[in-house]
Amino acid sequence: MQNVKYELSDDYGDFKKFLINIKDEFEASSSVIHRARNVLKVLDYQDKELVVKSFRKPGLINKFVYSFFKDSKAKRSFDHAMKLKELGVNTPLPVGYVEFYKKGFLEESFFVTEKCDYDFTIREPLLDMHFKNRRKIFKDFVWFTYNLHKKKVYHKDYSPGNILIQYHDCCNEFILVDINRMDFRSLQYAEKIKSFIKLWPDDESLSFMLKIYAEYSKLDQEKMVSDGLKWLNKYKQRKNFLKKIKKFMRRAKV
């Protein structure tokens with residue numbers, strides 16, 4: 001017999017039935033928008049388009065950890081979304097989360113938000129040197145990141161695909177997703193710089209953004225850019241090395 005734990009935001013109190021039956025609804029839907037370790041699908045309920053994130057079933061050790069010592073990724077995503085909403089930081093509107101337990105251990109978990117439309121992610125202007133209003137987007141993004149840090153929000157997976165952008169009225173509005181890995185605390189100097197490094201920018205783009213961030217923060221521009229470029233180079237070297245190791249391991253199994 002499975003036990004169920006769930007929570008809904010105040011605006012979605014009548015979505016209990018949807019959460020309790022979410023496994024059947026999720027399985028029946030073919031509307032996949034992302035499939036990797038976790039799977040995202042779009043489901044319709046009460047005339048609303050919802051994005052449902054199904055987290056990968058935990059292994060034996062994580063079953064124990066998430067059941068007794070640590071919040072599940074679904075619960076953390078919901079709690080973080082509610083906190084961001086409170087702070088005035090854009091993220092898709094949280095509906096709720098649900099966890100399914102078997103014999104006291106976490107089996108499956110789901111996080112649900114309203115579907116959020118966007119025009120592009122930060123990845124596109126990072127990769128396309130001729131992207132329209134590229135520098136304006138970067139300036140706006142730095143301002144967004146600076147204010148995020150001022151609000152003591154540290155997104156630990158600040159990667160290109162997790163930063164959505166809506167463009168309207170000549171303004172760029174940034175929306176955070178994939179928020180289960182997040183701290184709410186003051187950031188150290190290195191953490192502020194490394195937030196930009198995780199975007200995998202080219203040297204020129206990183207230098208441009210760090211100069212603006214240093215200006216907002218009243219920090220030494222030259223030092224911040226120098227440290228940023230040094231850490232970016234190390235970060236890329238380490239990631240590329242790990243990719244080579246994984247590629248070698250895959251070939252060795254064949």
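Listed values, structure above:
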{"item": "Highest-MSF residue in the chain out of Ser72, Ser195, Ser217 [GNM, Cα springs under 10 Å]", "result": "Ser217"}
{"item": "Neighbour net charge for Glu114 - beta-carbon separation under 12 angstrom, K R +1, D E -1", "result": "-2"}
{"item": "Cβ charges +1 (Lys, Arg) and -1 (Asp, Glu), total dipole of the chain, debye", "result": "1800"}
{"item": "Euclidean distance between Cα centres, the stretch 101-153 to the stretch 53-68, Å", "result": "25"}
{"item": "Leading residue at positive end of dipole, the chain (Cβ point charges), from Ile20, Gln221, Ile245", "result": "Ile245"}
{"item": "Unit charges on C-beta of K, R, D, E only; dipole of the stretch 2-114, Debye", "result": "740"}
{"item": "Cα-centre dipole for the stretch 11-62 with unit charges at Cβ (Lys and Arg positive, Asp and Glu negative), debye to 20", "result": "440"}
{"item": "Loop-located trypsin sites (Lys or Arg not before Pro) in the stretch 1-68 whose Cβ has at most 14 other Cβ within 10 Å (DSSP)", "result": "Arg37, Arg56"}
{"item": "Computed [θ] at 222 nm, helices only, for the chain once each DSSP H run of length n ≥ 4 contributes -39500 (n - 2.57)", "result": "-14500 deg cm²/dmol"}
{"item": "Selection from Phe111, Val95, Phe64 lying farthest towards where the dipole of the stretch 2-114 points positive, charges on Cβ", "result": "Phe64"}
{"item": "Net +/- balance of residues flanking Arg185 in space, Cβ distance below 10 Å, scoring K and R +1, D and E -1", "result": "-1"}
{"item": "Charge dipole (the stretch 119-205, unit charges on Cβ, about Cα centre) - positive-most of Ile163, Asn133, Ser195", "result": "Ser195"}
{"item": "Ordering of 242-248, 154-160 by burial proxy (mean other Cβ atoms within 10 Å per residue, highest first)", "result": "154-160, 242-248"}
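Only the coordinates and a few stated rules stand behind these numbers; no lab work does. Owing to the predicted nature of the structure, the values given are computational and were not obtained by experimental measurement. With ideal geometry, Cβ positions are generated from the backbone for all residues, glycine too; neighbour counts draw on all protein chains shown.
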